[in-house]
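Right, I'll just put the structure down here and ask away after.
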Amino acid sequence: MKYQPIKIKTACGYSLFNKIKQHAFGSFYRLNARSADCYAFNIDADGKDWIGGWDWTQKLVDINADFIIKLDAPCKLFKIIK
């Protein structure tokens, strides 16, 4: 998989990005995905919500995801190049 860093504003608003980031790093459910190294997700058409889950950059399970946040780079957003 290839990833390209993008500006947050090109994908969503900063408020939504902060909610996604907070969920990816602070959610209780992350305990079930300890070996994951990223959070893969899509943003809905309205740009007000998202759907996603913890994943692995080397072999993404969520093949429909458009974006990832690498868990070792919490302030960067990456677009998945398909």
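Using a 1.4 angstrom probe on heavy atoms only, work out the carbon and sulfur share of the accessible area of the chain in %.
54
On to the next question. Put +1 on the Cβ of every Lys and Arg and -1 on every Asp and Glu Cβ in the chain; which of Ala65, Met1, Gly47 then has its Cα farthest towards the positive end of the dipole?
Selected residue: Met1.
For the chain, what is the accessible area per residue in Å² when the probe is 1.4 Å?
That works out to 67 Å² per residue.
Using a Gaussian network for the chain with springs between C-alpha atoms less than 10 Å apart, which of these wobbles most: Ile20, Ile68, Ile51?
Checking each option, the largest mean-square fluctuation is seen for Ile51.
Rounding to the nearest 20 debye, state how big the charge dipole of the chain is about its Cα centre with +1 on each Lys and Arg Cβ and -1 on each Asp and Glu Cβ.
280
Here is a follow-up. Could you work out which residue, out of Asp62, Asp46, Asp37, moves most in a Gaussian network model of the chain, that is, has the largest mean-square fluctuation with Cα springs under 10 Å?
For the chain, modelled as a Gaussian network with Cα springs under 10 Å, the answer is Asp46.
Stokes-Einstein diffusion coefficient for the chain at 4 °C in a medium of 1.567 mPa s, Rh from the Kirkwood formula over Cα pairs: what value in µm²/s?
Translational D for this selection: 103 µm²/s.
Based on DSSP H runs of at least 4 residues, each adding -39500 (n - 2.57), what is the mean residue ellipticity at 222 nm of the chain after dividing by all its residues, to the nearest 500 deg cm²/dmol?
-5500 deg cm²/dmol
The values are calculated or read from the model by the stated rules, or taken from the named source; none is laboratory data. Note that the structure is predicted; figures quoted are calculated from it, not measured. Every residue, glycine among them, receives a Cβ derived from its backbone with ideal geometry; neighbour counts consider all protein chains shown. Remember, those area values only see protein heavy atoms, side chains included, never the ligands or the DNA or RNA. Shrake-Rupley method; radii C 1.70, N 1.55, O 1.52, S 1.80 Å.
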